[in-house]
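Asks: Handing you this structure, nothing more for now.
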Amino acid sequence: MELLPEDCFAHILSFTSPQDVCRSFQTSSIVRSMADSDSVWEKFLPLYYHGIISRLVVPLSLPCSSKKDLFVRLCKPQLVDDGNKMLSIDKTSGKICYLLSARKLSIAWGSSPLYWSWKPVQGSRFAEAAELRTICWLEITCSISSGMLSPETIYEAYLKVKIADRAYGLDSLPSEVWVEVGNRKSKGTVYIRKGKASCHCQSSEHDEDEWLEIELGSFYTNSDDEEVRMCLKEIKGVHLKGGLIVDGIEIRPKLL
């Protein structure tokens with residue numbers, strides 16, 4: 001490989017993945033210098049990464065020394081737009097990830113202080129989260145344009161929550177979950193119970209503050225710009241429920 005022209009080898013590396021390129025660093029110093037080139041790492045950045053940079057709430061503190069440096073910085077979640085969304089890129093694939101805050105979700109009666117309270121919550125990456133006081137109609141929906149995500153990618157959507165000590169009524173009946181894109185729909189049911197991985201409500205591997213993840217479903221992004229709709233609801237029971245703390249919905253590439 002070391003006999004190949006540098007631009008040729010860099011072109012070959014650009015068809016692999018960030019993870020593969022990092023592994024190649026151990027081959028030799030010559031290969032390492034090729035793998036560090038901007039032509040390689042620019043291929044791993046989103047096509048419209050210039051637009052992403054312009055949307056950052058807090059601009060990058062220092063100019064990036066290379067495309068690899070920019071990639072590493074964007075792997076860390078960054079607040080974008082109005083501060084109610086976080087964007088990052090997956091370090092193993094370079095795919096775009098989003099975390100939408102509770103304020104970006106449509107929560108039935110979410111604006112009524114009788115049913116929901118909005119307050120800072122430890123471990124949240126946003127200024128406030130929503131805590132369910134008491135309600136019988138639990139419905140949380142959200143949508144995002146597939147054009148904001150990486151094309152030709154299988155994504156999964158997770159509702160990030162905590163269960164308050166005073167929680168009640170959340171697992172009396174199963175909640176419906178679904179993700180819909182066009183005429184394609186992924187759906188299921190889940191009991192909202194802390195730590196029940198068999199029901200797809202489990203501790204997040206991406207946070208250290210005991211947030212739980214409720215899997216809403218998966219979807220595939222193609223070349224078309226379509227609306228992705230996500231939902232969790234339990235509206236069949238007439239019993240009261242409370243103590244659910246909602247941080248937002250995370251959309252990230254499915255691990256294959």
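Each row is one residue, and each column tells you yes or no for (1) β-branched (Val, Ile, Thr); (2) out of contact with any helix residue (DSSP H, G or I) (no Cβ under 8 Å at 6 or more places or on another chain); (3) surrounded by fewer than 15 Cβ atoms within 10 Å (Cβ to Cβ).
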| residue | (1), (2), (3) |
| --- | --- |
| His50 | no, yes, yes |
| Ser54 | no, yes, yes |
| Leu70 | no, no, no |
| Leu74 | no, no, no |
| Asp82 | no, yes, yes |
| Lys85 | no, no, no |
| Leu100 | no, yes, no |
| Ser112 | no, yes, yes |
| Lys119 | no, yes, yes |
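Asks: Identify all residues within the range 121-155 that are within 17 Å of the chain's Cα centre (by Cα) and either assigned to a strand (DSSP E or B) or without any contact (Cβ under 8 Å) to a residue 40 or more places away in the chain (or both); write none if there are none. Before the answer, list the steps.
Replies: Filtering the range 121-155 down to residues within 17 Å of the chain's Cα centre (by Cα) leaves 123-126, 129, 140-155.
Within the range 121-155, Ala129, Ile140, Thr141, Cys142, Ser143, Ile144, Ser145, Thr153, Ile154, Tyr155 meet the criteria.
Asks: Out of the residues in the range 147-163 that are open to solvent by 10 Å² or more (accessible area, probe 1.4 Å) and in contact with an Asp or Glu (Cβ under 7 Å, 6 or more places away or on another chain), state the one that is nearest to Pro253 (Cα to Cα).
Replies: Among residues in the range 147-163 that are open to solvent by 10 Å² or more (accessible area, probe 1.4 Å) and in contact with an Asp or Glu (Cβ under 7 Å, 6 or more places away or on another chain), the one nearest to Pro253 (Cα to Cα) is Glu156.
Asks: While we're here: What's the number of the only condition in (1) of a type outside the set (Ser, Thr, Tyr); (2) more than 17 Å from the chain's Cα centre (by Cα); (3) on the phi > 0 side of the Ramachandran plot; (4) open to solvent by less than 20 Å² (accessible area, probe 1.4 Å) that Gly94 fails to meet?
Replies: Failed condition: (2).
Asks: Do we have any residue at all in the range 126-139 that's closer than 25 Å to Arg184 by Cα and open to solvent by less than 10 Å² (accessible area, probe 1.4 Å)? Break it down stepwise before answering.
Replies: Of all residues in the range 126-139, those closer than 25 Å to Arg184 by Cα come to 138-139.
Pick out the ones that are also open to solvent by less than 10 Å² (accessible area, probe 1.4 Å) and you get 138.
So far as the range 126-139 goes, yes, one or more of its residues are closer than 25 Å to Arg184 by Cα and open to solvent by less than 10 Å² (accessible area, probe 1.4 Å).
Asks: So, one more: I'd like to know if the range 72-92 contains one or more residues that are modelled with pLDDT of 95 or more, assigned to a strand (DSSP E or B), under 22 Å from Ile214 (Cα atoms) and touching a Ser or Thr at 6+ places or on another chain (Cβ under 6 Å).
Replies: No, there is no match, as no residue in the range 72-92 is modelled with pLDDT of 95 or more, assigned to a strand (DSSP E or B), under 22 Å from Ile214 (Cα atoms) and touching a Ser or Thr at 6+ places or on another chain (Cβ under 6 Å).
Asks: Pick from Ser112, Ser93, Ser117, Ser106: which is polar (S, T, N, Q) and touching a residue at least 40 places away in the same chain (Cβ under 8 Å)?
Replies: On the way: Ser112 fails: touching a residue at least 40 places away in the same chain (Cβ under 8 Å); Ser117 fails: touching a residue at least 40 places away in the same chain (Cβ under 8 Å); Ser106 fails: touching a residue at least 40 places away in the same chain (Cβ under 8 Å).
The unique qualifying residue is Ser93.
Asks: Here's a follow-up. Which ones in the range 164-192 are open to solvent by 20 Å² or more (accessible area, probe 1.4 Å), in contact (Cβ under 8 Å) with a residue 24 or more places away in the chain and not in a strand (DSSP E or B)?
Replies: Ser172, Leu173, Pro174, Gly182 - these are the residues of the range 164-192 that are open to solvent by 20 Å² or more (accessible area, probe 1.4 Å), in contact (Cβ under 8 Å) with a residue 24 or more places away in the chain and not in a strand (DSSP E or B).
Asks: Oh, and also: If you go through the range 16-49, how many residues are in a loop (DSSP other than H, G, I, E, B) and at pLDDT below 70? Show your work before the answer.
Replies: Within the range 16-49, the subset in a loop (DSSP other than H, G, I, E, B) is 16-17, 25-28, 36-37, 45-48.
Within this subset, residues satisfying the condition of being at pLDDT below 70 are 25-28.
Of the residues in that region, 4 qualify.
Asks: Still on this structure: For the range 235-256, which positions are open to solvent by 10 Å² or more (accessible area, probe 1.4 Å) and either free of Cβ contacts under 8 Å to residues at least 60 places away in the same chain or assigned to a strand (DSSP E or B) (or both)?
Replies: Hits for the range 235-256 are Ile245, Glu250, Arg252, Pro253, Leu255.
Asks: Look at the range 193-251 and say how many of its residues are more than 23 Å from Trp109 (Cβ to Cβ), modelled with pLDDT of 75 or more and aliphatic (A, V, I, L, M).
Replies: Number of matching residues: 2.
Asks: Sticking with this structure for a sec: Within the range 59-71, does at least one residue satisfy the condition of being of a type in the set (A, V, I, L, M, F, W, C) and closer than 26 Å to Glu210 by Cα?
Replies: Just the residues of the range 59-71 that are of a type in the set (A, V, I, L, M, F, W, C), to begin with: 60, 62, 64, 70-71.
With closer than 26 Å to Glu210 by Cα added as a condition, the list becomes none.
Taking every residue of the range 59-71 in turn, none turns out to be of a type in the set (A, V, I, L, M, F, W, C) and closer than 26 Å to Glu210 by Cα.
The values are calculated or read from the model by the stated rules, or taken from the named source; none is laboratory data. Note that the structure is a prediction, hence the values are computed from the model and not measured. A quick note on method: Cβ atoms are made from the backbone with ideal geometry, for glycine too, and the neighbour counts reach across all protein chains shown. Remember, those area values only see protein heavy atoms, side chains included, never the ligands or the DNA or RNA. Shrake-Rupley method; radii C 1.70, N 1.55, O 1.52, S 1.80 Å.
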